[in-house]
Structure formats: structure tokens, C-alpha cells
1. Working only within region 173-196, note down all residues that are of a type in the set (Ser, Thr, Tyr) and either assigned to a strand (DSSP E or B) or within 14 Å of the ligand (Cβ to nearest atom) (or both).
2. Quick check on this structure: which one of 149, 166 is outside any loop (DSSP other than H, G, I, E, B), within 16 Å of the ligand (Cβ to nearest atom), free of Cβ contacts under 8 Å to residues at least 40 places away in the same chain and among the hydrophobic types (A, V, I, L, M, F, W, C)?
3. Among the numbered criteria (1) touching a His at 6+ places or on another chain (Cβ under 7 Å); (2) of a type outside the set (S, T, N, Q); (3) away from the ligand (no atom under 16 Å from the Cβ), which one does residue 253 miss?
4. For region 258-270, give me each residue that is away from the ligand (no atom under 13 Å from the Cβ) and touching a Leu at 6+ places or on another chain (Cβ under 9 Å).
5. Six or more apart or on different chains, Cβ atoms under 8 Å: show the pairs whose first residue is in region 119-144 and surrounded by fewer than 14 Cβ atoms within 10 Å (Cβ to Cβ) and whose second is assigned to a helix (DSSP H, G or I).
6. Condition first: among the charged types (D, E, K, R) and not in a strand (DSSP E or B). Now tell me which residues in region 403-428 satisfy that.
7. Within region 62-92, count every residue that is crowded, with 23+ Cβ neighbours inside 10 Å and at positive phi.
Amino acid sequence: MVIGETDFLLDGEPVRILSGALHYFRVHPDLWADRIHKARLMGLNTIETYVPWNAHAPRRGEFRTDGGLDLERFLRLVEAEGMHAIVRPGPYICAEWDNGGLPGWLFRDPAVGVRRDEPLYMEAVSEYLGTVLDLVAPFQVDRGGPVVLVQVENEYGAYGSDHVYLDKLVALTRSHGITVPLTSIDQPSGTMLADGSVDALHSTGSFGSRSAERLATLREHQPTGPLMCAEFWDGWFDHWGAHHHTTSAEDAARELDELLAAGASVNIYMFHGGTNFGFTSGANDKGVYQPTTTSYDYDAPLAEDGTPTAKFFAFRDVIARYAPVPDEALPERVPAPTPAVDLEFSLSVLDAAEGLGSWTASEHVPTTDEVDSYTGFALYRTTLAAAQQRVLSVGEVRDRAQAMLDGSAVGTLDRSRHERTLSLPGGPEGVLTFLVEDQGRVNYGPRLGEHKGIIGPVTVGGTEVTGWEVLPLGLDDVGPLTEDVRAHGGPVVKGGAVLGPSFVAGSFEVDEPADLFLDAARLGKGVVWVNGFNLGRYWSAGPQQTLYVPAPVVVAGRNTVLVLTLDGLDEAPVFVPGLDLGHEEQ
Ligand code: GLA
């Protein structure tokens with residue numbers, strides 16, 4: 001693959017890239033083939049994916065490729081479908097993904113630079129890119145594989161203008177045997193295209209409207225070579241507490257038509273968004289912290305559960321005017337089974353804690369990063385002196401802290417509302433505990449890499465509270481925790497209440513594996529696992545109502561459910577027949 005005067009050239013022949021974004025890390029691996037096949041049925045010839053550094057390397061020096069992180073297997077499936085692939089390994093990927101893909105551990109040392117030519121940052125980037133590029137190199141098209149393009153960085157012009165950094169990333173990429181064209185992506189506006197690219201990179205644009213105008217700007221910036229919209233935004237993501245975004249299929253199809261009529265190549269962002277399973281979603285913060293929802297449906301052509309939407313068919317009709325589209329029927333959505341969930345045992349988080357980690361002592365209140373924890377939940381505790389009245393203040397909570405005094409709930413501090421102060425009942429000496437949730441690291445803008453947990457100092461009546469202990473809750477493998485809840489928890493009485501924060505173990509039964517949709521949104525805030533698979537966060541803040549349970553997670557017969565209820569509950573979550581992503585703007 002090379003960049004020609006006006007086209008991408010493959011073996012000397014002009015090719016138009018009709019790509020769809022599909023992040024392997026947001027789809028259950030047993031469903032990759034299905035989603036890739038459906039992309040081809042919409043008329044696409046290429047699959048694009050980012051690579052999330054932090055998911056592959058939860059600890060420095062590691063590069064996980066098991067299960068849902070098996071990038072090689074994903075690329076082989078793309079190849080098996082007769083499609084090409086575009087790989088975007090970052091190191092920064094944005095993508096509404098925790099910290100834009102940058103590992104939390106990278107920022108343990110405050111001297112580390114972000115997205116610029118800073119030696120500590122570059123050393124870690126070289127380790128990561130070296131590993132991922134060595135993995136990708138054999139899959140390039142000139143070696144008989146599917147990969148036709150590799151992107152360097154991501155919308156760099158919206159963040160910085162360090163061209164030495166970009167040149168070094170290019171050199172690094174080439175030194176690991178990447179021979180296909182390297183691209184950059186930027187919004188065609190202001191100085192972003194110029195800031196975000198260097199000579200060795202072919203510039204592409206990211207936009208979702210006014211296609212002709214944006215392509216003209218791109219052409220001004222780069223007089224020759226193929227025009228490409230490498231992120232054609234066909235929908236949008238959601239924040240907790242806001243509306244569910246949708247866009248008209250008709251308008252999106254018209255924009256796509258305009259792009260294709262101009263002869264441009266395209267990567268539809270997203271073709272299939274999937275789900276931010278577990279604790280993987282990112283957040284935005286432009287003065288107000290806005291965590292991203294668990295669903296990454298994106299109002300894309302293929303919905304979160306893999307069913308084609310009106311946008312799928314509208315796009316297929318447009319693509320058919322420019323390229324051959326396979327004539328194969330697509331499966332229709334059937335209502336999902338709705339088995340009843342039995343909640344059986346519950347154990348408070350405080351009682352379960354010691355089985356999930358160990359306490360680390362610290363004189364001043366530490367961030368969770370300082371105790372080497374970069375995701376999920378952590379408990380903080382300290383002893384408060386006897387006092388008649390207590391007003392407690394924290395520097396900041398990242399991102400939500402539930403306070404308990406001698407085990408009883410006394411209030412919550414929420415970063416989205418800039419809450420910093422709590423009135424605590426007066427009384428004798430007592431143990432203050434916070435359950436702190438990292439709701440996702442900011443993935444765009446200058447807050448990348450910021451630490452999580454409680455940002456000190458913590459004061460009572462203006463005097464610093466010292467003598468802290470922190471216990472990050474290890475929730476990667478909840479098998480032992482589920483057994484602990486069953487062995488040491490109290491039975492859940494039907495119609496009775498479980499106080500939060502607690503873990504609740506239960507089960508449900510189905511005849512055969514099927515996609516399921518769990519509605520927990522009425523139950524406040526928490527997390528649900530099915531058979532140990534972390535479905536992600538639920539929250540009555542909405543908009544999303546349902547958590548998607550992919551069929552491969554479900555077994556015929558009894559299935560286990562584990563709920564972390566932060567607010568408490570007095571009823572079980574319910575299965576509903578289909579996806580419900582919540583209220584839309586009127
Ligand atoms: C930009 C980024 C993507 C994503 C989209 C919004 O284009 O490059 O990673 O964040 O915005 O969905």
C-alpha cells in the first residue's frame with residue numbers, strides 16, 4: 001500500500017478505503033467474527049481499531065493478549081472475512097476510554113511528560129509501541145496480511161504541536177518494521193491539521209458534518225494524496241446524567257454520500273460501538289467532570305447488541321452506489337429472555353474488604369495512584385477525634401466518595417458537583433471510612449494522567465486529618481468474593497432491604513445462552529457481574545437503563561450474579577426484552 005497522487009494504491013491499483021471502526025476491546029471476543037461479518041454486509045472493505053495501551057499493560061512491562069485482548073486473533077478474523085485493517089495504537093487514543101488509553105502507572109512519577117518528547121514518557125512509549133508494532137508488522141498487506149494503514153498518535157493538533165515528538169513516533173514505528181503508510185488524524189479547523197502532522201504522515205480528517213467543506217480544508221493543507229475522513233462521526237457517546245445521543249440516519253447517510261461522491265476514503269466512527277465493560281470508560285472535564293456511560297452504542301449502524309439499525313440500511317444503500325454490497329439477509333432482533341433474578345446473600349463492603357486487598361498506611365491522605373491502584377474502588381479510613389461538631393473538607397474527590405462513620409452512611413461527595421464538604425454528627429472518637437469510586441479517567445484535554453482517589457488535605461474544622469489507611473478493592477476476579485458473600489453474608493429476604501455499600505450474590509436460570517439486558521437503573525448506583533464477567537456500571541442518573549449481557553457470557557441452566565450496590569437495594573434487578581439506552585433530547 002502506498003500513497004499515490006490522488007489515491008491509495010495497492011499493488012499499483014487505486015483503492016478506496018470503506019472502513020468501519022470496531023474496537024475489539026469493547027466487544028466479547030466470541031462475537032468479533034459476527035460483527036466483522038456484518039461490517040462486510042454493509043459494504044465495508046476495512047475494519048479499523050485502536051489499541052488501548054492501559055488494557056494491554058495494567059502493569060509496566062506486561063502486554064496481555066488473552067481473551068478479549070487477543071489483537072492477533074482479531075486481525076486474523078478480519079483477514080478471514082477478506083477485509084483490510086487499520087490499526088491505531090496511539091499511544092494516546094482518546095476514544096472515551098479510561099485516560100485515553102494511557103496507563104495510570106505511567107503518571108506515578110510526576111516528572112513524566114504527556115504526549116510530548118519527554119524522556120521518561122518516551123521510554124515507556126517505546127516499550128509499548130515496540131511490543132504492539134512487532135505484533136502488527138507480520139499482519140501488513142505487503143506480507144500477505146490485512147493491515148493497510150497505521151495511525152500515529154490521535155488528533156494531536158487538538159492537544160499539542162511538538163513535531164519532534166511526532167517525528168520520533170514515526171521513527172519508532174518504522175524501526176519496528178511498519179512499512180504501510182502512516183497517517184495522522186485531526187479536525188480540519190484552525191491550526192489543528194498543521195500542528196497534528198509532520199511530513200512523514202499522511203493527514204486525514206475527523207468530522208461528522210459539512211463533509212465537502214472539511215475535505216476542502218484538508219485539501220488546502222495537503223495538496224496531493226487521497227482524501228480520507230478517518231473518523232466519520234455517525235453518532236455520539238453519552239455521559240451519565242445527560243441525554244442519550246442519537247442522530248438521524250437520513251442526515252448521516254446524506255453526509256456519507258457527500259464524502260463518497262467527492263471520491264474520499266472513509267472510516268465510519270463507529271460502525272459498532274459496543275460496551276465499556278468493567279471499569280474501562282473514560283470521562284470529559286471542561287470545568288465539569290462528566291463520566292462516560294457503560295454503553296458505547298454510539299447510535300452506530302450496528303447497535304450495542306450487534307443488531308443492524310436504520311442507519312445500517314441507510315449506509316448500505318449509499319455504499320451500494322459506489323461499491324459492490326453483498327446480498328445476504330441480516331438476522332432480525334428477537335426479544336431476549338427475561339428470567340427472574342434471585343438475590344440470595346449480601347455482605348457489606350466493609351466486611352468483604354479484607355478479602356479484597358490489604359491496607360496501606362500513610363500519614364497524609366494519599367491518592368489511589370500513590371498506593372499503586374489505577375482503577376475501580378478503594379476504601380480509605382482514619383480515626384476522627386471526639387468532637388461536638390465536625391465539618392469535614394477534602395481538597396477534591398475523584399470521583400465519588402461515600403462517607404461512613406463507624407459503619408453508618410453519613411453522606412456522599414460527588415466530583416461532578418464539585419462537592420468538598422460534609423457535616424458529620426458530633427460524638428466520641430470514631431472511624432471515618434470513605435468508599436471512593438474512580439468513575440473513569442478523563443480521556444481528552446489537559447487532565448490526562450491526573451491522579452485519582454482523595455486529593456488532600458482532608459481537614460476537620462480546618463485542622464488536617466492524618467493517619468490514613470487505604471485498601472484498593474481487587475475486583476478483577478470476583479470468584480472468591482462471590483464465595484465469600486455466600487459463605488459469610490446474610491440471606492437476602494424477599495422484600496427486604498440490603499444497605500449499601502454491599503455485595504449481593506444471586507442467580508438466574510435460562511434454557512440456553514442468549515443476549516440478555518439487565519435493567520438495574522432503578523436501583524441507584526453500582527456494578528454487576530454475571531458469571532464473573534464485569535458488565536460495567538449502572539446508575540439511576542441515566543440515560544442508559546440496560547446493561548448488555550453478551551450471549552457468550554451466559555450458560556444454559558444456573559448463572560451467577562454479583563451486584564455491588566452502592567446505594568442499597570430493596571428489589572432485584574430485572575431482565576428486560578431489549579436494549580434501553582434512555583431518554584433523548586426532545
Ligand atoms: C475524536 C477522537 C475519538 C473519539 C471521538 C469522539 O475524534 O479521535 O477517539 O474520542 O472524537 O467520539
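1. Of everything in region 173-196, those that are of a type in the set (Ser, Thr, Tyr) and either assigned to a strand (DSSP E or B) or within 14 Å of the ligand (Cβ to nearest atom) (or both) turn out to be 183, 184, 189.
2. None of the others qualify; the one that does is 166.
3. (1)
4. 258, 259, 260, 262, 263, 264, 265, 266
5. Final answer for the pair search is 143/137.
6. Listed by number, the residues that qualify are 406, 415, 417, 419, 420.
7. Adding up the residues that qualify gives 1.
For every residue, the table says whether it meets (1) under 23 Å from residue 548 (Cβ atoms); (2) of a type outside the set (D, E, K, R); (3) within 16 Å of the ligand (Cβ to nearest atom).
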{"site": "430", "(1), (2), (3)": "no, yes, no"}
{"site": "439", "(1), (2), (3)": "yes, yes, no"}
{"site": "469", "(1), (2), (3)": "no, no, no"}
{"site": "480", "(1), (2), (3)": "no, yes, no"}
{"site": "505", "(1), (2), (3)": "yes, yes, no"}
{"site": "525", "(1), (2), (3)": "yes, no, no"}
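The values are calculated or read from the model by the stated rules, or taken from the named source; none is laboratory data. Note that the coordinates shown come from a computational prediction; the quantities given were computed from them, not determined experimentally. No Cβ is skipped: glycine too gets one built from the backbone with ideal geometry, and neighbour counts run over all protein chains shown.
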